[in-house]
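The structure appears right after this line, and notes come after that.
The values are calculated or read from the model by the stated rules, or taken from the named source; none is laboratory data. The structure presented is a predicted model; accordingly, all values stated were derived computationally and were not measured. With ideal geometry, Cβ positions are generated from the backbone for all residues, glycine too; neighbour counts draw on all protein chains shown. Only protein heavy atoms, including side chains, enter the accessible area calculation; ligands, DNA and RNA are left aside. Shrake-Rupley method; radii C 1.70, N 1.55, O 1.52, S 1.80 Å.
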Amino acid sequence: MAALGTMTAVGGGAVADDAAVEASATTLAGAANISGRYFGVAVAAGRLSDSTYTGIIGREFDSVTAENEMKLDATEPNQNQFTFTNADRIVNLALQQGKKVRGHTLAWHSQQPGWMARMEGSALRQAMLNHVTRVATYYRGKIHSWDVVNEAFADGSSGARRDSNLQRTGNDWIEAAFRAARAADPGAKLCYNDYNTDNWSHAKTQAVYRMVQDFKARGVPIDCVGFQAHFNSGNPVPSNYHTTLQNFANLGVDVQITELDIEGSGTSQAEQYRGVTQACLAVSRCTGITVWGVRDTDSWRSYGTPLLFDGSGNKKAAYHAVLETLNAADPGNPPTTTPPTSNPPTTTTPPGGGCTATYSEGQKWGDRFNGNVTVTGTDNWVVTVTVRYPQRIIATWNTTPSWDSSGNVMTARPNGNGNAFGFTVMHGGNWTWPSLTCRAA
């Protein structure tokens, strides 16, 4: 790390000790963490009263996705009337337990509320953008990755966009959704998510690839691609799955396995799960895996017993295959990732003012980033810097800091080195910029 002038260390160390990592490797999340990845699960609010269900979630996973509670019909059942009660139950549980949250999903042709399904044209476009903005803003700072757009391409050999009411608002609707999401939640990774994009030779896979390639070339804010990975005997894990993940990663985006379930049982199912896990571990920008449900009986296709735990919550052969594969990962080769697309510096002046604090981005590393603050309006200032869990400030320079009891709010004052200061944030997967207020002392 480059020299940063006079720095004041704050808080504990940044990296867990080896013994703690080893001890945690008896769980899926602990084993995934060895290589710097997450292992997540889709959660239903209606099952949170089931102690076996919640016990497995708490023990085994470090990322959660709401199965249905963040979708359009759940969050905006009536136009401009938003409800987040059930989604909040899942998000709050996750954050209380120190887990990441994947947001699913902001724009989709399916599970639209009736009022939206009946709309078309410019009215629908505006309603879609309003929905993206309102929901992403509500959860700003709490979401690790958003599935901004879901399943926008058609199956089959055409490589075409799906004919949906959203597509008929104009071919730029996906781009518009991503730009709105970036403006609403600049700290979240923005993903395109789809199914049947696993085989590199398929037309649908190639069509999504070309879209991502175009977005990256034109600066459209896209950070990741989600592969749902719903497999069965008629659609097994393809032999070129690793190639698919690697080729997308080569475009400069993260890849995430977002809805994994594999119908079957015994050794055959276990080996397919092993293959998916190995493919993710082999791609440096594959940052994590999410299984779509906890127990077989919780699955949307329970008839196929597709998950890692049986209906009683017992670990299956597939579970042990995944755990063994994760534990065999090289801890010296963590995933390579980049933060979300940068935004211009922000300036915040509180009511009453007296001074202005302007934030700008500094250097970034895989696990931390620097922030720089410039104060104008007075030489005798007090700037409050608030970071969002699980972030924590680990160093400062050119200021005299103090802290509230939570450790999330730093009060900065001049220390004789001018009106610019900075700090280093250990982000814990949350790249959201800190919020600032400034007042004259």
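Is at least one residue of the range 115-130 hydroxyl-bearing (Ser, Thr, Tyr), open to solvent by 60 Å² or more (accessible area, probe 1.4 Å) and part of a helix (DSSP H, G or I)? Scanning the range 115-130 turns up at least one residue that is hydroxyl-bearing (Ser, Thr, Tyr), open to solvent by 60 Å² or more (accessible area, probe 1.4 Å) and part of a helix (DSSP H, G or I). For the range 1-51, filtering for residues that are loosely packed, with under 15 Cβ neighbours inside 10 Å, modelled with pLDDT of 50 or more and either in contact with a helix residue (DSSP H, G or I) (Cβ under 6 Å, 6 or more places away or on another chain) or assigned to a helix (DSSP H, G or I) (or both) leaves 2. Scanning the range 52-83 for residues that are of a type outside the set (S, T, N, Q) and surrounded by fewer than 18 Cβ atoms within 10 Å (Cβ to Cβ) yields a total of 6.
Return yes when Phe231 is at pLDDT 95 or above, of a type in the set (Phe, Trp, Tyr), assigned to a strand (DSSP E or B) and over 19 Å from Ala29 (Cα atoms) and no when it is not. For Phe231, the condition - at pLDDT 95 or above, of a type in the set (Phe, Trp, Tyr), assigned to a strand (DSSP E or B) and over 19 Å from Ala29 (Cα atoms) - is met. Scanning the range 379-407 for residues that are open to solvent by 30 Å² or more (accessible area, probe 1.4 Å), under 22 Å from Cys355 (Cβ atoms) and assigned to a loop (DSSP other than H, G, I, E, B) yields Asp379, Asn380, Asn398, Asp404. Taking the residues in the range 273-304 that are aliphatic (A, V, I, L, M) and in contact with a strand residue (DSSP E or B) (Cβ under 8 Å, 6 or more places away or on another chain) as candidates, determine which candidate is surrounded by the fewest Cβ atoms within 10 Å (Cβ to Cβ). Top of the filtered list is Val283. Only one of the listed residues (Asn86, Asn165) is touching an Asp or Glu at 6+ places or on another chain (Cβ under 7 Å), touching a residue at least 12 places away in the same chain (Cβ under 8 Å) and open to solvent by 60 Å² or more (accessible area, probe 1.4 Å). That residue is Asn86.
Only one of the numbered conditions (1) in contact (Cβ under 8 Å) with a residue 40 or more places away in the chain; (2) among the aliphatic types (A, V, I, L, M); (3) surrounded by fewer than 24 Cβ atoms within 10 Å (Cβ to Cβ) is violated by Ile262, and that is (3).
Listed conditions (1) over 30 Å from Met211 (Cα atoms); (2) assigned to a loop (DSSP other than H, G, I, E, B) are all met by Trp300, apart from (1). Here the condition is being surrounded by 19 or more Cβ atoms within 10 Å (Cβ to Cβ) and either more than 26 Å from the chain's Cα centre (by Cα) or not in a strand (DSSP E or B) (or both); of Thr411, Thr432, Thr424, it holds for Thr432 alone. Count of the range 65-96 residues, restricted to those that are under 17 Å from Thr137 (Cβ atoms) and hydroxyl-bearing (Ser, Thr, Tyr), is 2. The condition (being open to solvent by less than 10 Å² (accessible area, probe 1.4 Å), modelled with pLDDT under 95 and under 27 Å from Arg47 (Cβ atoms)) is satisfied by just one residue among Gly187, Gly98, Gly141, Gly103: Gly141.
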